[in-house]
Each structure stands twice: as C-alpha cells, then as structure tokens.
C-alpha cells in the first residue's frame, strides 16, 4: 500500500487527527457544550420512552444483552441499544442541530457513547474524546457540500451520522490510523436514509440517527479486526459525495481538515427550545412575541411569512397538508401549524404536537390564514430567521422578526434553560420525583463515573 499520505489523504488525514487527539487538546468550552448536549439528549430518551415507535422497535428485537436503555427495564445488545436510544433522542425532533446543514449530531453521538460507556466501562476522558471526534467529523462533512445531500433525497443525519459514530467508537477502541480509515470506508457501505418520510410524516426519519450509530459501532469493530475499507470513501469517484449528494453543488473537501484542532464546530451546535423542525423555530418566536399584542386571535385576518426559497419544499408545500397536518409528526414540519401553536399556546413543546392538537379547530382555523412569500434576501441556509406580518380585521398590522435561531450560535440557550428543558422532558415521561432525582444524579456524574443503576 502506498505511503504517500496526501495522495489518498482526506479520510486518512482526519483519521490521523483523531488518533493523535489527547484530552488536553479539547477546550473547556467544547467540553461544557458536549455535557449540555448530553443532558438535553438524555431527557429526550425519557420523553419518548412511551411512544408507539419506541414500542415497535423494542418489539422487533430478537436478542437481549447487557446494555441499558434509560427508562426501560429490558437490556439489549449494544447495536440494538444504540438504535433505540438514537431513535428516542431524535424521535420528537426536539434534539440539537448544526445550523446551515442540517445535521443532528447529539442523537448519533450520545446514543453511541452512552452505550460504549457502559459496555466498555469508559472514563470521562475516553467518552469526551469519542464524542468530540465524531461530532467534529459530522459537522465538517456537513460543511463540505451544504444542502447537497438533502437535495439528492437523503437525510444528512443518516448518512453523515454513520461516519461520526464510526470514528467516535474507533477512538474509544484505540484503533490505529489504518483501522480508523478502514472503518470510515466500511461505514460508507452501511450509511443510508431517504427523506420520503416527508410524503406522509411516517416514522423512518426517527430511526436514522440510531441506525447510523449502530452502523458506526459495527464498522469500528470491523476496522479493529483489520477488515479493509476504501480510503477514498469521501472523495472517490463512487465516494459518498458522488453517491449521496447533488453533483451540481461542488464539494469543498478543505472544510474537512482545515483548522482541525483550532476551530471546534461542536461549540456551535444548537439546542432547540421548541419540539419541531429547526427552521420553523424562529417563526414560533415571532408568533409568541405577537401574541401579547393581540387581544382576540379571532381578529386575525391573515398572516404572511417571508421565507427562504430553500425551505419551501419541506415546510410549506403542499400547502393544504401544511395547513391541516395529518399526523403530529408532520405538524412539526409545518410552519403554519407551528405559528398557530405559538399564537394559541404561547409555547411549542411536546404537548403542543399531539393527535388532539392537530384536530383543534381553533388552531386549524389559524393555520388556514397563514401563507408565505419568498424573500430573495433571506439568508437561509447560512442563517435561520423568521419574519411575519399579521393583518387584523380592523386593518391593523403587527410585524415581528426573529433574526436568528434561538438556541443557535447567535442566540444560545443559557444552561438554566437547558436544565429546565431537561426536567420538563423527564416529567413528561411520567417519572416519579425519586426517579427524576436519580436521572439528574446520573447526568451529573456521567462524565465522572457513570452509575447505570440509577436509570432502572
């Protein structure tokens, strides 16, 4: 095999950085961000534990094991545990996201490292190193060719998450550079996830992070065993960007390795305040701002939203479905429904996206009054903003804007806000006060000495 490192360099260069990374190299602010992401994700595992899609996944498993699924009595093998935890974190679309891409890092990395921590009895430094190398790879892969994977009909989290989990688990297995590179090449043949769920609001998107995590687990162990995978998995003729991305968008592979170790994209992960699609969220903030200025919602004649053209196919069309979503899940990707919920409830948490609420006549009446117009000046996908104009029956006009994603890099949530969201999600899962305290203690000590008995 050639020793000309740069001849094949992209995957190999990243693998070398991963192999060389020491705990002391990770800035404290990045460590703090990972801990916040993990707290948020753990709460979401509990919040989804009683949902039908979680029950369906559990029913499909044929094997038991020794790995814990928080909030459940049963234990499963590592890969099944990762699938279940990853699905639970992402299940209600309330998990973190990397702005401008979009890709959901925490659902993949938290589910993978949670399982690895128990299975391999990892210490905090090992957990954090595994998390950060996987997170950085996912973010950087997303920046190579922004939106191109989605435009080709694939879910970026499903594709890129497999690589993040693969390198994260490879790090904790202490794979060498060649083994890490092979693991990345191997997982390229496991990555999958189409976006046809958009047609009916079905469950497959929920599954993608968990499946990506399990694929990463398998590929890392195959690499450890010296199974060979292609080193050109990223940039080759049949690599992922030629296979899974729109070829009209030219990939910039320098994004993968430029500033490695000095620029930490993990620090820019966004934690959602609302339980719905990322790009709907600024519009909810606009609606909540406007709510206090309207005495009677029946006085609303119409609402016009200025939007980025790239958001229309996911969040606005077909307009008849978006104004009258057929499932609670499809409501999460409907700007009309999200705005209506914000106006009606003043919030948009888990309780606002239910079978009951998608049939709420007052909300649907508001939805019917909401339309959009494309704003050529909108910064999407570089920035997620919201702008609404509400016209009342008396011709009064109320305008509100949200210049960026709350919870994102421009308007990050404070630690207290994340902690409150965490506790709210634990309460939503019907845990007792004692159980909530145990989960909080587990979260507080996870990066010191994980005690999985607290989760049973």
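The values are calculated or read from the model by the stated rules, or taken from the named source; none is laboratory data. All of these numbers come straight from a predicted model, not from anything done at the bench. Please note: Cβ atoms are built from the backbone with ideal geometry, for glycine as well, and neighbour counts cover all protein chains shown.
Scanning the range 413-440 for residues that are in a loop (DSSP other than H, G, I, E, B), touching a helix residue (DSSP H, G or I) at 6+ places or on another chain (Cβ under 9 Å) and closer than 19 Å to residue 274 by Cβ turns up 413, 429.
If the condition is being under 21 Å from residue 207 (Cβ atoms), part of a helix (DSSP H, G or I) and either touching a helix residue (DSSP H, G or I) at 6+ places or on another chain (Cβ under 6 Å) or outside the structural domain of residue 384 (by TED's automatic domain parsing) (or both), then the range 320-362 contributes 328, 331, 350. Among what's in the range 7-40 and is modelled with pLDDT of 95 or more and outside any helix (DSSP H, G or I), pick the residue that is surrounded by the most Cβ atoms within 10 Å (Cβ to Cβ). Restricting to residues being modelled with pLDDT of 95 or more and outside any helix (DSSP H, G or I), the top hit is 26. Residue 65: over 24 Å from the mean Cα position of the chain (by Cα), over 26 Å from residue 194 (Cβ atoms) and not in a helix (DSSP H, G or I), yes or no? Criteria met by residue 65.
Identify, from the list 135, 183, the residue that is over 15 Å from the mean Cα position of the chain (by Cα), at pLDDT 95 or above, closer than 25 Å to residue 252 by Cβ and buried (at least 24 other Cβ atoms within 10 Å of the Cβ).
The conditions single out 183.
Exactly one of these conditions fails for residue 249: (1) part of a loop (DSSP other than H, G, I, E, B); (2) under 24 Å from the mean Cα position of the chain (by Cα); (3) modelled with pLDDT of 95 or more. Give me its number. So the condition that residue 249 fails would be (3).
What do you reckon, is residue 389 outside the structural domain of residue 91 (by TED's automatic domain parsing) and not in a strand (DSSP E or B)? Taking the combined requirement at face value, the residue does not satisfy it.
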